[in-house]
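The values are calculated or read from the model by the stated rules, or taken from the named source; none is laboratory data. Note that the structure is a prediction, hence the values are computed from the model and not measured. No Cβ is skipped: glycine too gets one built from the backbone with ideal geometry, and neighbour counts run over all protein chains shown.
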Amino acid sequence: MELTEIRIKLIRDKADKLRAFASITLDQTLVIRDLKIIEGGNGLFVAMPSRKLCDRCPACGGKNHLRSRFCNDCGARLRDYRGRMDERGRPRLYADISHPINQDARDYVQGRVIHAYKHELDRSKQDGYVATTFDDLDYEYYDQTEADV
């Protein structure tokens, strides 16, 4: 597998741990979007695209996120701790949409993406910097949120 393109969208809000979004292309054939570059306790790491896990309301069958306390449809009180627990005993709230199949693949993707992030960060400090475009993605929300603060 070869990463043939890595695009980085820097996030300027340093109050949050999210540093950037990334989009990678594998072998010029498959694109994976919404990788997140996060500043963790041990440095930068790459979080793969994920979705919030949901369950159904026992009263009406409406779909709700696992952290919801009340049903979005009927308003019924939902019980706490509805999701499965992870290996650390915490509720599993998200599921990866795509992810590397083994540690070597994860290390390869993470190393390349973090390298591209650092390169983009260095470029952003130069005069005349023009950010990588993500016309096909909806990251303007983060730019607007930052402008509103």
Among the numbered conditions (1) touching a residue at least 12 places away in the same chain (Cβ under 8 Å); (2) in contact with a Phe, Trp or Tyr (Cβ under 8 Å, 6 or more places away or on another chain); (3) on the phi < 0 side of the Ramachandran plot, tell me where ASP34 comes up short. (3)
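Can you tell me how many residues in the range 87-132 are within 18 Å of ILE37 (Cα to Cα), of a type in the set (Asp, Glu) and surrounded by fewer than 14 Cβ atoms within 10 Å (Cβ to Cβ)?
3
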Answer residue from the range 4-17, given it is in contact with a strand residue (DSSP E or B) (Cβ under 7 Å, 6 or more places away or on another chain) and farther than 15 Å from THR132 by Cα and is surrounded by the fewest Cβ atoms within 10 Å (Cβ to Cβ) among those: THR4
Any idea which of ARG90, ARG77 is outside the structural domain of ASP13 (by TED's automatic domain parsing) and either under 27 Å from ILE11 (Cβ atoms) or at pLDDT below 90 (or both)? ARG90
Closer than 22 Å to LEU26 by Cα, at pLDDT below 95 and loosely packed, with under 14 Cβ neighbours inside 10 Å: does that describe ASP136? yes
I need the full set of residues from the range 18-48 which are of a type in the set (D, E, K, R) and either surrounded by fewer than 13 Cβ atoms within 10 Å (Cβ to Cβ) or more than 23 Å from VAL130 (Cα to Cα) (or both), in order please. ASP27, GLU39
I'm trying to understand the selection: among the residues of the range 117-133, which are among the small types (Gly, Ala, Ser) and modelled with pLDDT of 90 or more? SER124
